[in-house]
Amino acid sequence: MSIRHGLLALLSQGSRYGYQLRTEFEASTGATWPLNIGQVYTTLSRMERDGLVAPGEADEQGRVVYTITEAGRAEMERWFSTPVAQSDRPRDELVIKLAMAVTAPGVDVAEVVQAQRGATMRTLQELTRAKRAADGGTAQRLVLDSMIFQAEAEQRWLNHCEAVLNEVNA
C-alpha cells in the first residue's frame, strides 16, 4: 500500500499532525501494517515538497498540523480511481523460493513446501483469532479478511505445487 496515498486519504477527513496520522493509519489497517513515525514525517515532507499537503503553524507542544491541498485531493482521487495492477505489486518471495528450489541441486522441494504450509497455517490461525477479537470496524475487518483470503490462497497454491511435484516425480 502506498503510505503517501493512505496519509492523503486520512488528511481528506481533516487536518492532522504526524502522530495522529500514524495512529489512525494503523487503526484503519487493524495494526497489520505498523508505521514508523519517522516514515510518516519523511512522507509528509515529500508530500509538502510536491505540493500535496500544507503545514500549519506549530502548536504549543511543537506539533505541526498538516492539511491536504487541492493537488493532494486530486492525487488521492486519482489513486482511488486507478485499479492496482498485478505488476505494481512486489515480487512474491515464496514463488521465487520454490522456483529456485526446484532447480537447485540437493534441495528437498517437498520439505520446503511442507515448512511453508505449516507457517501459512499458523498465520491463518493467528489471523482468524485476530478477526474474532477485532473491534476496529469495517476497515480493520476488510484488511483481516484480505489477509485471511491470501493465506487460504497460498495454502491452495502449495497443495497445487505438491501435486505437480508428485506428478513430475511419479
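The values are calculated or read from the model by the stated rules, or taken from the named source; none is laboratory data. Not measured: the values here are computed from a predicted model. Note that each Cβ is placed from the backbone with ideal geometry, even for glycine, and that neighbours are counted across all protein chains shown.
Could you identify the single residue in 152, 111 that is farther than 29 Å from residue 26 by Cβ and without any contact (Cβ under 8 Å) to a residue 60 or more places away in the chain? Outline the logic, then answer.
Details: 152 fails: farther than 29 Å from residue 26 by Cβ.
One residue alone meets the criteria, 111.
Touching a helix residue (DSSP H, G or I) at 6+ places or on another chain (Cβ under 7 Å) and at pLDDT below 90: which single residue out of 112, 102 fits that description?
Working: 112 fails: at pLDDT below 90.
Sole residue among the options that is touching a helix residue (DSSP H, G or I) at 6+ places or on another chain (Cβ under 7 Å) and at pLDDT below 90: 102.
Mind checking which residues of the range 17-32 are part of a helix (DSSP H, G or I) and either of a type outside the set (Phe, Trp, Tyr) or touching a Lys or Arg at 6+ places or on another chain (Cβ under 9 Å) (or both)? Spell out how you get there, then give the answer.
We begin by selecting, within the range 17-32, every residue part of a helix (DSSP H, G or I); these are 18-28.
Residues satisfying the conditions are 18, 19, 20, 21, 22, 23, 24, 26, 27, 28.
List, please: which pairs have Cβ atoms under 9 Å, are six or more places apart or on different chains, and start with a residue in the range 128-148 that is outside any helix (DSSP H, G or I) and surrounded by 13 or more Cβ atoms within 10 Å (Cβ to Cβ) and end with one that is at pLDDT 85 or above and of a type in the set (Val, Ile, Thr)?
Short answer, once both residue conditions are applied: 136/143.
Quick one: in the range 74-86, which of the residues that are assigned to a helix (DSSP H, G or I) and closer than 26 Å to residue 52 by Cβ is modelled with the highest pLDDT?
Narrowing the range 74-86 to residues assigned to a helix (DSSP H, G or I): 74-81, 86.
Add one more test, that the residue is closer than 26 Å to residue 52 by Cβ, and what stays is 74-81.
Numbers: 74: 96, 75: 93, 76: 92, 77: 93, 78: 93, 79: 91, 80: 91, 81: 89.
Filtering the range 74-86 for residues that are assigned to a helix (DSSP H, G or I) and closer than 26 Å to residue 52 by Cβ, the one modelled with the highest pLDDT comes out as 74.
Which one of these is farther than 30 Å from residue 18 by Cα and either assigned by TED's automatic domain parsing to the domain that holds residue 17 or among the β-branched types (Val, Ile, Thr) (or both): 102, 84, 143, 64?
On the way: 84 fails: farther than 30 Å from residue 18 by Cα; 143 fails: farther than 30 Å from residue 18 by Cα; 64 fails: farther than 30 Å from residue 18 by Cα.
The unique qualifying residue is 102.
Test residue 89 against the stated conditions and say whether it is out of contact with any Ser or Thr (no Cβ under 7 Å at 6 or more places or on another chain) and at pLDDT below 80.
Values: out of contact with any Ser or Thr (no Cβ under 7 Å at 6 or more places or on another chain): yes; at pLDDT below 80: yes.
When the stated conditions are applied, residue 89 passes them.
Which members of the range 33-48 meet the condition of being touching a residue at least 24 places away in the same chain (Cβ under 8 Å), β-branched (Val, Ile, Thr) and either touching a Phe, Trp or Tyr at 6+ places or on another chain (Cβ under 8 Å) or outside any helix (DSSP H, G or I) (or both)? Walk me through how you get there before you give the answer.
In the first step, residues of the range 33-48 are kept if they are touching a residue at least 24 places away in the same chain (Cβ under 8 Å); the result is 33, 35, 39-40, 43-44, 46-47.
Pick out the ones that are also β-branched (Val, Ile, Thr) and you get 40, 43.
Passing the criteria: only 40.
Is it true that residue 26 is in contact with a Pro (Cβ under 9 Å, 6 or more places away or on another chain) and of a type in the set (D, E, K, R)? First the steps, then the outcome.
Values: in contact with a Pro (Cβ under 9 Å, 6 or more places away or on another chain): yes; of a type in the set (D, E, K, R): yes.
Spelling it out, residue 26 is indeed in contact with a Pro (Cβ under 9 Å, 6 or more places away or on another chain) and of a type in the set (D, E, K, R).
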